[in-house]
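The values are calculated or read from the model by the stated rules, or taken from the named source; none is laboratory data. Here the structure is a predicted model, which is why all the values come from computation and not from measurement. Every residue, glycine among them, receives a Cβ derived from its backbone with ideal geometry; neighbour counts consider all protein chains shown.
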Amino acid sequence: MVFLKKLAALRKKSGLTQESLAEKARLSQQTISKYERGLLEPDIDTLIFFADYFNVSVDYLLDRPVDNRYDEIIEIRAYLKERPEMKILYDTSKRVSKEDIEKIIAIMDSLKMKNPS
């Protein structure tokens, strides 16, 4: 029962209609509708497609226990998508040392103190 809710939520969050998701998954709109109403369960290949498409795990779709940091990872990913300038910082951070990151954090902390929100 959890799959149907997760699929609908992911589809809506991505701004997709049942028809557009069906087209991407090479399924009918009626099939997506049946998944979301719990009248039909997807096969493993379809589950894998949805997991890959929405960048989640099959375990997440099936509400199986996953790393408890998973929700945090999803939140960070959404934040990076919404703020392109943060993605630049993230991408850059992959190429610098831990010490450099600590220096950058210190600079950002001092900026926050100068400009409290």
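Is it the case that segment 57-67 has a residue that's in contact with a helix residue (DSSP H, G or I) (Cβ under 6 Å, 6 or more places away or on another chain), surrounded by fewer than 14 Cβ atoms within 10 Å (Cβ to Cβ), at pLDDT 95 or above and among the acidic types (Asp, Glu)? Scanning segment 57-67, I find no residue that is in contact with a helix residue (DSSP H, G or I) (Cβ under 6 Å, 6 or more places away or on another chain), surrounded by fewer than 14 Cβ atoms within 10 Å (Cβ to Cβ), at pLDDT 95 or above and among the acidic types (Asp, Glu), so the answer is no. Within segment 1-20, being within 13 Å of PHE54 (Cβ to Cβ) and buried (at least 16 other Cβ atoms within 10 Å of the Cβ) holds for PHE3, LYS6, LEU7, ALA8, LEU10, ARG11, LEU16. Among the residues of segment 1-20, those that are within 20 Å of ILE74 (Cβ to Cβ), of a type outside the set (A, V, I, L, M) and part of a loop (DSSP other than H, G, I, E, B) comprise SER14, GLY15. Only one entry of TYR90, TYR53, TYR35 meets the criterion of being at pLDDT below 80 and not small (Gly, Ala, Ser), and that entry is TYR90. The listed residues are ILE101, ILE105, and the only one of them that is more than 24 Å from the chain's Cα centre (by Cα), surrounded by 12 or more Cβ atoms within 10 Å (Cβ to Cβ) and farther than 22 Å from VAL2 by Cα turns out to be ILE101. Of the residues LYS81, LYS94, which is outside the structural domain of ARG11 (by TED's automatic domain parsing), farther than 25 Å from LEU21 by Cα and of a type in the set (Lys, Arg)? Answer to the selection: LYS94.
Cβ-Cβ distances below 6 Å connect the following pairs, each with a first residue in segment 77-90 that is surrounded by 12 or more Cβ atoms within 10 Å (Cβ to Cβ), a second residue that is part of a helix (DSSP H, G or I) and basic (Lys, Arg), and a separation of six or more residues or different chains: LEU80/LYS87.
Among the residues of segment 21-56, the one identified as part of a loop (DSSP other than H, G, I, E, B), surrounded by fewer than 16 Cβ atoms within 10 Å (Cβ to Cβ) and under 15 Å from the mean Cα position of the chain (by Cα) is ASN55.
Scanning segment 20-37 for residues that are of a type in the set (Asp, Glu), more than 30 Å from TYR90 (Cβ to Cβ) and touching a Leu at 6+ places or on another chain (Cβ under 9 Å) turns up at least one hit.
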